[in-house]
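Taking it in order: structure first as structure tokens, then the write-up.
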Amino acid sequence: MRIILLPALLLATAASAAPSSTVSSRSVRAHEDFLAGDALRGRGSATHDEEVAAAYVASQFEGYGLQPAPGMPGYVQTAGVIGMRVASTPTLEVAGRPVEGMRLIVGSSAEVQGPIVLADSLASLPETAAVVVFTAGNVPAFDIWRAVRSKHIGLLIAKDSGSATEWFAQIGGRTSMPRYLAEDPPATRPSFATLPAATIDAIKAGEEARLAVPIARDETTTSNAIGYLPGTDPKAGVILLSAHLDHLGQKDGGPIMHGANDDASGTTAVLELAQALAAGKPHRRGILFICYGSEEIGQFGSRYYGAHPAVPLSDIVANIEFEMIGAQDPKLPKGTLMMTGFDRSDLGSALQAHGGHVAADPYPKENFFQRSDNYQLALKGVVAHTVTGWAEVPTYHQPTDTIANLDIGYMTSTIQSLIAPVRWLADGNFTPRWTGAGRPTE
């Protein structure tokens, strides 16, 4: 292990030895070599590999001269995570008889039992029921799940289909079970299963159904790496620059999901900006640098930080989250990063005006603004946005998300472009504001 890690560690140490406001492609590559190398096995959420990544980022923060955040004894914040998993084969009974061919796609923490309600369309789904059998065969499985997940339904059973098979494969070919912060157990959610179409057609309304799922609980820890540059004016507020450390890891001896773009690239941006901003004179505003853990399994790192902030959230002037900046969307102006929710505040236009290579989000209907760590703070009132190179990059959550498929030159230039705007934001009086109804409420 040490032999594998040493080249990247030496490169990263050399890259950080001489403080500079110039981002070099060599330094960018050095961070990627460590974070997205084989040795960290894809930095799986709430794993030892994620912990090592957090320790690496923390050591870089310390080497750049950053301080621990106020009230923290060091550079790493940890939180307990509970993960449930199916311990043995789930069983389904209808009218007291075992039913074969069930595929449980989404599980819950509770056993489900009750009379069956039939529904033949999304519009006919009840708000409350123990068990619902969905008899229509032409609705994509995930659309059914999207319609039912906020309802008070214990179990929904749909007809097996190609869309269900595809969804199941996308989540790793195993039942998705609840994971949550140990301090914040979730409300019970519906379970979602499929059966062969002929079996569904033979089920009658009012028959009693019972789903039993043997469950095991795993207790793990997620890690946030946090560094802080104090400002000269304690009343001027704090700027937060953030990314997430984790990726999908490696499961059951399968391929390593390296996550070079998602989100080793964003973590690299935070590290490069930390080095550049620490090298200059002290800033009027404080600057907080956070690389969160467990974004991939529920944004647990950012959620935990939002509940336990080292700096009061009311003091945070703005948050820029870096997510997948390793490749450029062809729809964007050349050499720019997309800012999600660009029109929700005046932050993006201010960064543009001071040299930042940022552009508006060309995919507003995809709701990317709500789908990264910035959203947890935006819900609490912080003007918080994510910048990304290509939100729908072909390597997303694929084994091909490797260093070989990064555009290191693009990463280097876009990170470089943000040093001056962030420095201006840290030294000036401008305070970003939500525009119109831009602040999210849910």
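The values are calculated or read from the model by the stated rules, or taken from the named source; none is laboratory data. Values in this document were obtained by computation on a predicted structure and should not be read as measured data. Because the Cβ atoms are built from the backbone with ideal geometry, glycine has one as well, and the counts that use them run over all protein chains shown.
The table below gives the values:
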quantity: Residues located in segment 145-169, provided they are in a helix (DSSP H, G or I), without any contact (Cβ under 8 Å) to a residue 40 or more places away in the chain and not β-branched (Val, Ile, Thr); calculated: ARG146, ALA147, GLY162, SER163, GLU166, ALA169
quantity: Conditions (1) in contact with an Asp or Glu (Cβ under 7 Å, 6 or more places away or on another chain); (2) over 16 Å from ALA193 (Cβ atoms): number failed by LYS151; calculated: (2)
quantity: LEU379 vs. criteria among the hydrophobic types (A, V, I, L, M, F, W, C) and under 30 Å from ASP33 (Cβ atoms); calculated: no
quantity: Hits in segment 41-92 - residues which are in a loop (DSSP other than H, G, I, E, B) and small (Gly, Ala, Ser); calculated: GLY42, SER45, ALA46, GLY65, ALA69, GLY71, GLY74, ALA87, SER88
quantity: Test: residue in segment 395-404 that is in contact (Cβ under 8 Å) with a residue 24 or more places away in the chain, closer than 22 Å to ILE287 by Cα and more than 19 Å from the chain's Cα centre (by Cα); calculated: no
quantity: Scope segment 199-209; condition crowded, with 18+ Cβ neighbours inside 10 Å and either modelled with pLDDT under 95 or assigned to a strand (DSSP E or B) (or both); matching residues; calculated: ALA209
quantity: Qualifying residues in segment 304-326 (those that are closer than 16 Å to ASP361 by Cβ and not charged (D, E, K, R)) - the one surrounded by the fewest Cβ atoms within 10 Å (Cβ to Cβ); calculated: ILE325
quantity: Top-ranked residue in segment 110-152 [being charged (D, E, K, R) and within 25 Å of the chain's Cα centre (by Cα); ranked as nearest to ARG85 (Cα to Cα)]; calculated: ARG149
quantity: Only one of ALA260, ALA209 that is out of contact with any Ser or Thr (no Cβ under 8 Å at 6 or more places or on another chain) and hydrophobic (A, V, I, L, M, F, W, C); calculated: ALA209
quantity: Which listed residue is out of contact with any Phe, Trp or Tyr (no Cβ under 9 Å at 6 or more places or on another chain), assigned to a helix (DSSP H, G or I) and under 19 Å from GLN370 (Cα atoms), from GLY301, GLY306; calculated: GLY306
quantity: Evaluation of GLY231 against (1) under 16 Å from the mean Cα position of the chain (by Cα); (2) small (Gly, Ala, Ser); (3) farther than 24 Å from ILE297 by Cα (one fails), failing number; calculated: (1)
quantity: Selected residue (only one of GLY348, GLY335, GLY298 is small (Gly, Ala, Ser), farther than 25 Å from LYS235 by Cβ, surrounded by 24 or more Cβ atoms within 10 Å (Cβ to Cβ) and assigned by TED's automatic domain parsing to the domain that holds PHE61); calculated: GLY348
quantity: Answer from PRO196, PRO186 - the residue that is surrounded by fewer than 18 Cβ atoms within 10 Å (Cβ to Cβ), at pLDDT below 95 and closer than 30 Å to LYS251 by Cα; calculated: PRO186
quantity: Sole exception among (1) more than 30 Å from VAL57 (Cα to Cα); (2) surrounded by 19 or more Cβ atoms within 10 Å (Cβ to Cβ) for SER150, by number; calculated: (2)
quantity: Failed condition for TYR64, given (1) touching a residue at least 60 places away in the same chain (Cβ under 8 Å); (2) out of contact with any Pro (no Cβ under 9 Å at 6 or more places or on another chain); (3) within 29 Å of ARG423 (Cα to Cα); calculated: (2)
quantity: Entirely in segment 345-433, the helices (runs of 4 or more DSSP H) that have 3 or more residues that are at pLDDT below 95; calculated: 374-378
quantity: Every residue from segment 227-253 that is outside any strand (DSSP E or B), touching a Lys or Arg at 6+ places or on another chain (Cβ under 8 Å) and closer than 24 Å to ALA426 by Cα; calculated: GLY231, THR232, ASP233, ALA236, GLY237
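Conditions tested, residue by residue: (1) at pLDDT 95 or above; (2) under 28 Å from TYR304 (Cα atoms); (3) loosely packed, with under 15 Cβ neighbours inside 10 Å; (4) not hydroxyl-bearing (Ser, Thr, Tyr).
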site	(1), (2), (3), (4)
MET1	no, no, yes, yes
LEU10	no, no, yes, yes
THR13	no, no, yes, no
SER27	yes, no, no, no
ASP38	yes, no, yes, yes
HIS48	yes, yes, yes, yes
ILE116	yes, no, no, yes
